[in-house]
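What follows draws every value from the coordinates through simple rules; no lab data is involved. No experiment lies behind these values; they were computed from the predicted model shown. Note that we place each Cβ from the backbone using ideal geometry, even for glycine, and neighbour counts take in every protein chain shown.
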Amino acid sequence: DAGVIQSPRHEVTEMGQEVTLRCKPISGHDYLFWYRQTMMRGLELLIYFNNNVPIDDSGMPEDRFSAKMPNASFSTLKIQPSEPRDSAVYFCASTIVAGDEQFFGPGTRLTVL
Amino acid sequence: SQQGEEDPQALSIQEGENATMNCSYKTSINNLQWYRQNSGRGLVHLILIRSNEREKHSGRLRVTLDTSKKSSSLLITASRAADTASYFCAMRLYTGGFKTIFGAGTRLFVKA
């Protein structure tokens, strides 16, 4: 298996633009997690899905952020409109058993100017 | 905060020495995991210890868990330059669904 795949790896955009981050989990993994990592706040859980259904989105910072998982092999995290404070590395992770080992993707480094 | 706290924040040692990192947490946990993150990369799972376990080994890694003190330690023996990375503890909370909360991490630098 290729592991968790994220795209793009780097994204530079201007304030106010819409940003869409993509993730393909490992086949057979029922749980998918979106995290954000910054120097100031560390690694924060934004939202997680089980069998394509959002279970806990309490970490989503505000209404500008939305996430979907239309099928078992694809998820998106959208920021609209983007702001400079959204600049961070966004990770997607998947797992078979919730609460056990998570497999992380390489991350998307987002820079909002 | 329910996050774990790790210390030290940064650690610099010589190749061949042992490295010890500590993690403390505030609430009851189901398990505790350690991850490694190389610069610019995603996190990689190292080891998982369950709440009913006290010690676990994997190669050069040794993890201990003291639930009475709500703390864990990760020991890397005979460190190598390739061990240079950030190390995070992550706690699966006993309640609150299936969230895993990550600590702030320890940056380890192993000098060749």
Q.
Per-residue counts of other Cβ atoms within 10 Å, averaged by peptide: what ranking do you get for A:27-35, B:44-52, A:44-52, highest first?
A. A:27-35, A:44-52, B:44-52
Q) Evaluated at 37 °C with a viscosity of 0.692 mPa s, what Stokes-Einstein diffusion coefficient in µm²/s does the range B:18-112 have when Rh comes from the Kirkwood expression over alpha-carbon pairs? A) 242 µm²/s
Q | Distance between the range A:7-81 and the range B:55-112 - C-alpha centres, whole angstrom | A | 25 Å
Q. Taking +1 at the Cβ of each Lys and Arg and -1 at the Cβ of each Asp and Glu, which of A:Gly16, A:Phe91, A:Pro70 sits farthest along the dipole of chain A towards its positive end, judged by Cα position relative to the Cα centre?
A. A:Gly16
Q. Expressed as a whole percent, how much of the Cα-Cα distance distribution for chain A exceeds 22 Å?
A. 24 percent
Q | chain A: relative contact order in percent, alpha carbon pairs under 8 Å with at least 6 residues between | A | 37 percent
**Q.** Per-selection Kirkwood Rh - the protein assembly as shown (Cα, Å, 1 d.p.)
**A.** 18.0 Å
Q | Within 10 Å of each Cβ in A:30-42, the average number of Cβ atoms from other chains | A | 2
**Q.** Point-charge dipole on Cβ atoms (K/R +1, D/E -1) for chain A, about Cα centre, debye to 20
**A.** 260 debye
Q. Can you give the average number of partner chain beta-carbon atoms within 10 Å of each beta-carbon in peptide B:86-93, as a whole number?
A. 1
Q. Leaving out same-chain residues fewer than 8 places away, which aspartates and glutamates sit with a Cα under 13 Å from that of B:Lys56?
A. B:Asp66
Q | Entries in A:Lys78/B:Lys26; A:Lys24/B:Lys99; A:Lys68/B:Lys70; B:Lys69/B:Lys99 that, when Cα-Cα distance is taken, lie over 30 Å | A | A:Lys78/B:Lys26; A:Lys68/B:Lys70
Q: Could you work out the mean count of beta carbons from other protein chains within 10 Å of each residue's beta carbon in A:82-93?
A: 1
